[in-house]
Amino acid sequence: MERWEQFQGVYVHTPFCLQKCLYCDFPSYAGFPDGVRQQYVGALCREIEVRSLQQELPVAKGATVYFGGGTPTVLTVEQIGKIVSTLKRCGWWNRPAEATIEANPGTVDAEKLKALREIGFDRISLGVQSLQDKELGALGRIHTAEQALCATEEAKQAGFRRINADLMSGIPCQTVESFRNTLTKILQLNLSHISAYSLILEEGTPLERLAREGKVQLPDEEASFNMYEMTTEVLAQAGLQRYEISNYAVPGKESVHNTVYWNYEPYAAFGAGACSFNGKERRTNTADVLQYIKGSANLSLAALKTDTGLWQTESPDRKTQISEAMIMGLRMTDGVNLQKMQQRFGIDILESYGKEIQILLDRKMAECGGGTLRLTPYGMRYGNRAFEAFI
Ligand code: SF4
């Protein structure tokens with residue numbers, strides 16, 4: 001059976017946070033009381049159970065597990081343990097090659113991290129973002145730089161060997177020097193993985209409004225460019241190789257779960273706002289937590305086959321699937337394996353997109369060799385322009 005005929009990843013969404021960050025437009029909410037969180041866990045376990053009966057696709061042996069959010073670590077250890085046991089009982093936790101949990105440094109302590117390791121997580125992704133308190137404040141984060149450093153050390157002591165830190169550039173008040181300082185401090189921790197993103201001002205977020213009204217000062221274009229260039233250079237010097245536009249790892253410690261997305265492989269996703277992909281169809285659960293709880297509590301196998309209003313489905317046509325697979329694959333420095341595209345979609349990419357690819361090659365945005373098409377570092381810098389060739 002081919003990899004794209006089985007679920008290669010399992011995602012579990014927790015839509016709760018202690019406080020909404022000023023830039024965030026993810027499906028996550030602050031202010032729900034403990035009782036709702038408890039009901040949510042029950043509803044989530046119900047969805048996991050019922051969907052295991054549906055036989056959507058087989059779960060590959062070694063399929064990765066990823067608890068994301070939101071902030072999964074606002075749940076108690078007991079609640080997280082209950083979700084994991086349900087995944088195991090229902091066959092979704094199938095000797096995962098990697099089991100990751102995201103954590104906000106302001107929501108974990110040594111005891112909780114140890115418990116998460118004992119439950120079975122072997123990788124943790126910490127939302128550090130910056131190691132400057134002023135910048136963390138400008139983002140509306142709940143943690144301080146000291147808490148982020150402390151959580152990282154405690155994660156190591158708890159036995160996590162694979163630790164990711166999310167970092168952000170383009171933050172209000174940030175300078176090239178303060179970003180360098182954050183990178184230097186984070187590298188002293190010897191982590192195996194860094195995700196470095198540029199802040200995106202999403203419409204409708206408080207930070208976007210503040211920026212539009214001129215009430216916060218964002219780094220200018222030149223500073224942003226320098227931060228971007230510095231990230232790749234400084235991390236490479238420290239042995240963290242870029243393997244995706246925004247991701248860097250010690251070789252062999254890349255995120256297996258995220259690679260499932262970039263390889264356009266099927267994954268199952270549970271929870272409010274979670275989006276599953278079976279290789280052909282996308283199913284997105286309602287992001288309304290209370291509607292999710294109500295709908296999921298009454299979920300049955302029969303209900304899954306009808307439209308309950310609990311989720312929406314979307315079936316991208318073959319052309320869209322090819323386009324999505326190319327765009328996702330080109331995010332990785334390894335690029336897209338053209339033979340695999342031929343096997344999966346029956347398409348000769350070089351022939352079908354010959355003109356567009358030639359333009360990318362001429363502009364030195366892409367290179368082709370050894371049966372692979374990949375973006376150059378310059379192409380990655382202007383990824384969106386390169387991706388347009390496949391839309
Ligand atoms: S912790 Fe993450 S998910 Fe929660 S509000 Fe902040 S950015 Fe959004």
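Looking only at the stretch 277-288, count how many residues are crowded, with 23+ Cβ neighbours inside 10 Å and under 18 Å from Thr14 (Cβ atoms). Summing the residues that are crowded, with 23+ Cβ neighbours inside 10 Å and under 18 Å from Thr14 (Cβ atoms) in the stretch 277-288 gives 1.
Pairing residues of the stretch 59-86 that are under 20 Å from Ala274 (Cα atoms) with residues that are assigned to a helix (DSSP H, G or I) and within 16 Å of the ligand (Cβ to nearest atom), at Cβ distances under 6 Å and at least 6 apart in sequence or on separate chains, gives Thr71/Thr107; Thr73/Thr107; Val74/Thr107.
Here Phe225 does not fit the description of being without any contact (Cβ under 8 Å) to a residue 60 or more places away in the chain, open to solvent by less than 50 Å² (accessible area, probe 1.4 Å) and either out of contact with any helix residue (DSSP H, G or I) (no Cβ under 8 Å at 6 or more places or on another chain) or under 27 Å from Ser28 (Cβ atoms) (or both). Screening Ala236 against (1) in contact (Cβ under 8 Å) with a residue 40 or more places away in the chain; (2) surrounded by fewer than 20 Cβ atoms within 10 Å (Cβ to Cβ) leaves a single unmet condition, (1). Restricting Val12, Val59 to residues that are away from the ligand (no atom under 16 Å from the Cβ), modelled with pLDDT of 95 or more and within 27 Å of Lys305 (Cα to Cα) narrows the list to Val59. On the stretch given as the stretch 180-209, residues that are of a type in the set (A, V, I, L, M, F, W, C) and farther than 16 Å from Leu149 by Cα total 5.
Okay, residues lined up against (1) under 28 Å from Asn278 (Cα atoms); (2) surrounded by 15 or more Cβ atoms within 10 Å (Cβ to Cβ); (3) free of Cβ contacts under 8 Å to residues at least 60 places away in the same chain:
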position	(1), (2), (3)
Lys340	yes, yes, yes
Arg344	yes, yes, no
Asp348	yes, no, yes
Ser352	yes, yes, yes
Lys355	no, no, yes
Gln358	no, no, yes
Lys364	no, no, yes
Leu375	yes, yes, yes
Arg381	no, yes, no
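Within the set Leu183, Leu187, Leu207, Leu191, the sole residue that is within 20 Å of the chain's Cα centre (by Cα), at pLDDT 95 or above and not polar (S, T, N, Q) turns out to be Leu191.
Counting only residues that are in a loop (DSSP other than H, G, I, E, B) and open to solvent by less than 30 Å² (accessible area, probe 1.4 Å), the stretch 6-53 holds 5 of them. Every condition in (1) among the small types (Gly, Ala, Ser); (2) more than 30 Å from Tyr382 (Cα to Cα); (3) touching a residue at least 40 places away in the same chain (Cβ under 8 Å) holds for Gly309 except the one numbered (3). Which members of the stretch 289-316 meet the condition of being assigned to a loop (DSSP other than H, G, I, E, B) and surrounded by 17 or more Cβ atoms within 10 Å (Cβ to Cβ)? If the condition is that a residue be assigned to a loop (DSSP other than H, G, I, E, B) and surrounded by 17 or more Cβ atoms within 10 Å (Cβ to Cβ), then Leu299, Leu310 are the ones that fit. Within the stretch 156-183, the residues that satisfy the criterion of being assigned to a strand (DSSP E or B) and either out of contact with any strand residue (DSSP E or B) (no Cβ under 8 Å at 6 or more places or on another chain) or open to solvent by less than 10 Å² (accessible area, probe 1.4 Å) (or both) are Ile163, Asn164, Ala165, Leu167. The residue list Ser296, Ser323 contains one member that is of a type in the set (Gly, Ala, Ser) and closer than 26 Å to Ile357 by Cα, which is Ser323.
Each residue in the stretch 239-254 was checked for being under 24 Å from Tyr382 (Cβ atoms) and either open to solvent by less than 50 Å² (accessible area, probe 1.4 Å) or more than 14 Å from the chain's Cα centre (by Cα) (or both), and 10 pass.
The values are calculated or read from the model by the stated rules, or taken from the named source; none is laboratory data. Here the structure is a predicted model, which is why all the values come from computation and not from measurement. No Cβ is skipped: glycine too gets one built from the backbone with ideal geometry, and neighbour counts run over all protein chains shown. The area values use the complete protein model at the heavy-atom level, side chains included, leaving out ligands, DNA and RNA. Shrake-Rupley method; radii C 1.70, N 1.55, O 1.52, S 1.80 Å.
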